[in-house]
1. Work out the charge dipole of the chain with +1 on the Cβ of Lys and Arg and -1 on the Cβ of Asp and Glu about the Cα centre, then indicate which of Ala33, Pro55, Pro7 is farthest towards its positive end.
2. Around Glu19, what is the net charge, scoring Lys/Arg as +1 and Asp/Glu as -1 over all other residues with Cβ under 13 Å from its Cβ?
3. Taking the 0 to 90 degree range and rounding to the nearest ten, how far is the long axis of helix 57-92 tilted relative to the main principal axis of the chain, both from C-alpha atoms?
4. Restricting to bridges with both residues inside the chain, how much of the DSSP beta-bridge set is antiparallel, in percent to the nearest 5?
5. With an 8 Å cut-off on Cα pairs and a minimum separation of 6 or more residues, tell me the relative contact order of the chain in percent.
6. What value, in deg cm²/dmol to 500, does the helix sum -39500 (n - 2.57) over DSSP H runs of n ≥ 4 give at 222 nm once divided by the residues of the chain?
7. Please work out how much length the chain gains when fully extended from Gln2 to Glu62, using 0.36 nm per residue of separation minus the C-alpha to C-alpha distance, in nm with one decimal.
8. Taking the square root of 5 times each eigenvalue of the Cα gyration tensor, what semi-axes in Å does the equivalent ellipsoid of region 1-72 have, largest first?
Amino acid sequence: MQQQTAPTTRTKSWTLNLEIAEESADATTVEAALDTGESTLRTQATAQRNPGDPPAPEVGDEYAAGRALLDLGRQLLRMATVDAAANEKSAAHEPPVR
């Protein structure tokens with residue numbers, strides 16, 4: 001009888017950096033970078049205060065950062081889709097395991 005070993009847990013740390021700049025009292029820009037250790041995804045997003053709204057810089061920060069994070073998420077999903085297709089293609093050319 002063979003003894004089964006528990007699978008090894010794989011852990012990684014990714015680094016997310018958000019640089020938030022208030023260009024003026026009415027505009028915020030965020031530059032975001034996600035470093036996976038194998039690649040770095042980057043984006044930039046902005047938020048502009050509606051002239052009818054009272055000044056609230058933290059709201060602009062949240063909007064701009066949220067937009068940047070959404071774009072990084074879309075980029076990450078596109079990258080995963082491309083990588084999955086490449087893995088499927090390479091697996092189709094491997095001989096069957098016996």
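1. Final value for the positive-end residue is Pro7.
2. Its environment carries a net charge of -3.
3. So the inclination is approximately 20 degrees.
4. 100 percent
5. In percent, rounded to a whole number, it is 21.
6. Result for the chain: -13500 deg cm²/dmol, rounded to the nearest 500.
7. Computed gain between Gln2 and Glu62 is 16.1 nm.
8. One finds semi-axes of 41, 12, 8 Å for region 1-72.
The values are calculated or read from the model by the stated rules, or taken from the named source; none is laboratory data. Computed from a prediction, not measured in an experiment: that's the story for all the values here. All Cβ positions, glycine included, derive from the backbone under ideal geometry; neighbour counts span all protein chains shown. Areas reflect the complete protein model, heavy atoms only, side chains present, ligands, DNA and RNA absent. Shrake-Rupley method; radii C 1.70, N 1.55, O 1.52, S 1.80 Å.
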